[in-house]
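Here's the structure we're looking at; comments come further down.
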Amino acid sequence: MPDRLRRLRRTPQLRALVREHVVHPEDLIYPIFVREGSREAEPIESMPGQSRLPLSGVGNAICEAHEAGVRAVLIFGLPTKKDERATEAYNPHGIVQNAIRAAKDSCPEMVVMTDVCVCAYTPHGHCGIVATGARTGRAGSKYSPPAGAETHSAEGEVLNDETLPLLAEMAVSHARAGADVVGPSSMMDHQVLALRQGLDASGFGSTAIMAYSAKFSSGFYGPFREAADSAPSHGDRSSYQHDPANSRHSVLELLEDVDEGADILMVKPGLAYLDIVKIAREVADLPIAAYNVSGEYSMVKAAAERGWLDEKRIVLETLTAFKRAGADLVITYHAKDAARWLCE
């Protein structure tokens, strides 16, 4: 065994030569928020440096990210109308659908990903249809629910099986608008299967699915809920998002999403769940994405603004940690800055 382990740390060139994990700009995915009806970018107070974009600003934002070295974006939409059936979520001319077209028109080379969830499209802010006492179903859906479908529910409960056709219809509308990858994030059981069936039946078999497989009920989402105007009006999301104390249960979700047709698996949040990223890498051969979420971003920005941390160094170290744990892709609000730093 070598007795002088510092030999290979002596110079920058030697350290680079033997470096085990390297972050590339192409590994980064940049999330953007697009607000329907806005004319100007609206800064997000709890996420310094991030804004809700008007539709007219999407093209410039996409081109700027691409010029920095980013090769994929993840679009979140803020509609002007909300209703119990989340109808704007699958409106062919909804805010996300229009943002997809704007992104592709301005920069065809950019990989466009979308979030598939109804929380921003319903007045209650939950990630699924909420029971009101009447079961309405969804006529004409291309999705066939699995055995053991729900037959009754308490008022106010988030309905799993009634939500699935809406998610499938939403994903198809995104694919039709030009999305390359759709990401079901509502954490409904069998959401990946619903999307895969809906996409395939509609002629979009080549549209990829990035499954939010290990999405935990976390306090790190706070700034995002302000940014996306999607905080639940009652209760919380603990009944459908993973319990932060459980790792083995997340493995079941990861493996189920593989079986149901996912193309990419995601762990969210990322930084506080590096152990889950490592587990995902060990149990699945699909690409693994880690979501460096809003709370993780905002903590770094707040500390950097006060001079407590070196932002560049912390961000690049964090991204390296994701790669070291096993992530292939990192969704991060730092993406544009990090891509520039990596290219220096």
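Scanning the range 199-220 for residues being of a type in the set (S, T, N, Q) and buried (at least 21 other Cβ atoms within 10 Å of the Cβ) gives a total of 2.
Exactly one residue among S51, S106 is in contact with an Asp or Glu (Cβ under 9 Å, 6 or more places away or on another chain) and over 27 Å from L166 (Cα atoms), and that residue is S51. Of the residues making up the range 55-64, not a single one is at pLDDT 95 or above, under 14 Å from A120 (Cα atoms) and touching a helix residue (DSSP H, G or I) at 6+ places or on another chain (Cβ under 6 Å). Among the residues of the range 62-87, those identified as surrounded by 15 or more Cβ atoms within 10 Å (Cβ to Cβ), out of contact with any strand residue (DSSP E or B) (no Cβ under 8 Å at 6 or more places or on another chain) and farther than 19 Å from I331 by Cα are P79, K82, T87.
Checked against (1) over 15 Å from K336 (Cβ atoms); (2) touching a residue at least 24 places away in the same chain (Cβ under 8 Å); (3) among the polar types (S, T, N, Q); (4) surrounded by fewer than 23 Cβ atoms within 10 Å (Cβ to Cβ), S38 passes all but condition (2). Could we say that A280 is assigned to a helix (DSSP H, G or I) and in contact with an Asp or Glu (Cβ under 7 Å, 6 or more places away or on another chain) here? Taking the combined requirement at face value, the residue does not satisfy it. Scanning the range 209-227 for residues that are under 14 Å from C127 (Cα atoms), at pLDDT 85 or above and of a type outside the set (F, W, Y) gives K215, S217.
E26 meets the conditions (1) farther than 24 Å from K323 by Cα; (2) within 20 Å of the chain's Cα centre (by Cα) in every case but one. The failed one is (1).
Scanning the range 176-198 for residues that are among the hydrophobic types (A, V, I, L, M, F, W, C), assigned to a helix (DSSP H, G or I) and buried (at least 24 other Cβ atoms within 10 Å of the Cβ) yields V192, A194, L195. Residues in the range 2-34 that are in contact with a helix residue (DSSP H, G or I) (Cβ under 7 Å, 6 or more places away or on another chain) and among the basic types (K, R): R9, R15. Residues that are hydroxyl-bearing (S, T, Y) number at least 1 in the following strands (runs of 3 or more DSSP E) confined to the range 38-129: 51-53, 111-116.
The values are calculated or read from the model by the stated rules, or taken from the named source; none is laboratory data. These numbers were taken from a predicted model, which means no experiment stands behind them. Positions of Cβ are generated from backbone atoms using ideal geometry, with glycine treated the same way; all protein chains shown enter the neighbour counts.
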